[in-house]
1. Label-point separation (nm) for E138 and A58, each offset 7 Å from Cα along Cα-to-Cβ?
2. For the stretch 76-178, which whole-number percentage of the solvent-accessible area (1.4 Å probe, protein heavy atoms only) is attributable to carbon and sulfur atoms?
3. Taking the stretch 1-71, which chymotrypsin sites (Phe, Trp or Tyr not before Pro) meet the DSSP loop condition and have no more than 13 other C-beta atoms within 10 Å?
4. Let me see the P(r) profile for the stretch 1-115: every Cα-Cα distance counted, bins of 10 Å, each bin given as a percent of all pairs.
Amino acid sequence: ANAIAGLALEADVPGRLIRGEDKDTEHAPLNESVLTQLERSHWTILVNDAEIYLPEAADFSQKVFTSEWAAPYAWLRDDCMLSVSAPLGGVGPHVDSNDVLLIQCAGRRRWSIESKPVSRLQEKARLDTTKKLRCLTEFQADLSWELDPGDLLFVPARIPHDGIALTSDYDQFCITCSLGFRTEHSAQILLEDFVLSQDIVVDENDFSRLLSSIEATSHGTLPPETIEVFRKGLMTALEARLNDEFSLISFLGQLTTTPRDPTAQQLDDACWQHTLADHLGGEIVPYTEDSFENLMKFNNDHFILHHAP
């Protein structure tokens, strides 16, 4: 609990303090005097990307994702969020765009859910505009569980849920680890980034035809023929990029390694390369265009893993 709270004092850590029934929110860096003056109930401290800043969180996350049941989905891992709550603390009913595995580490927490997922439009219509958090109004749970230390709860993306700390001892904290899994929503966003980043353009001749068709159209409307020009041009360009093995592999590397907050991923290159090489049994060398076997991606840089003889 002290380690989590301590991270929220740091300026470069994505931490938040949520307190009171109105869910007043303060972002890191928190003032230490704020923490020492907290009430004995109704507050929560959250830290996103905890695996970057806390070695214990990185080790725990790695153990979960390399377990037999989770290993097939490890490539979808997003981030590890840690929360420490006083009795009755929580962030309010909300939805996540990712699948989430909730692991109770200390204390007890009651989780309640609505069993039907909500779309983004439905979420927007139900947002409580009086709060800084994306809390839902009219939350009507039809299922609930009380989690003890060691219990796990999997919540699919877009399922409304709410967690409230039940710790009865005011000197004991409720600690929950939330592991996020990228979903089709994450992939869709990154696919859009892929399309935009590949400089995909329409063939010059088709583009000239496109301009001519627009000039001949009244009121700036797009006729079906114009839309078809765009469709064929984009499909041809995108197909060419997808058939380019390096572009595809590079994109998959981006999809599986892009951090939630790129500014938070400021690691010493020599340090992580040495550690990774030891772990994989080889050495990391700069990328060369003659081969991309064992290609590795990190912060948009390419590297090659050479296995030791």
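1. Placing both labels 7 Å beyond Cα along the Cβ direction yields 4.6 nm.
2. Values: 2640 of 4980 Å².
Carbon and sulfur atoms account for 53 percent of the accessible area of the stretch 76-178.
3. On the way: sites: W43, Y53, F60, F65, W69; in loops: W69.
For chymotrypsin sites (Phe, Trp or Tyr not before Pro) across the stretch 1-71 that sit outside H, G, I, E and B with at most 13 neighbouring Cβ atoms in 10 Å, the list reads W69.
4. Calculated P(r), rounded to whole percents: 12, 42, 35, 10, 1.
The values are calculated or read from the model by the stated rules, or taken from the named source; none is laboratory data. Because the structure is a prediction, the values reported are computed rather than measured. Every residue, glycine as well, gets a Cβ built from its backbone with ideal geometry; the counts of neighbours run over all protein chains shown. For accessibility, only protein heavy atoms count, side chains too; no ligands or nucleic acids. Shrake-Rupley method; radii C 1.70, N 1.55, O 1.52, S 1.80 Å.
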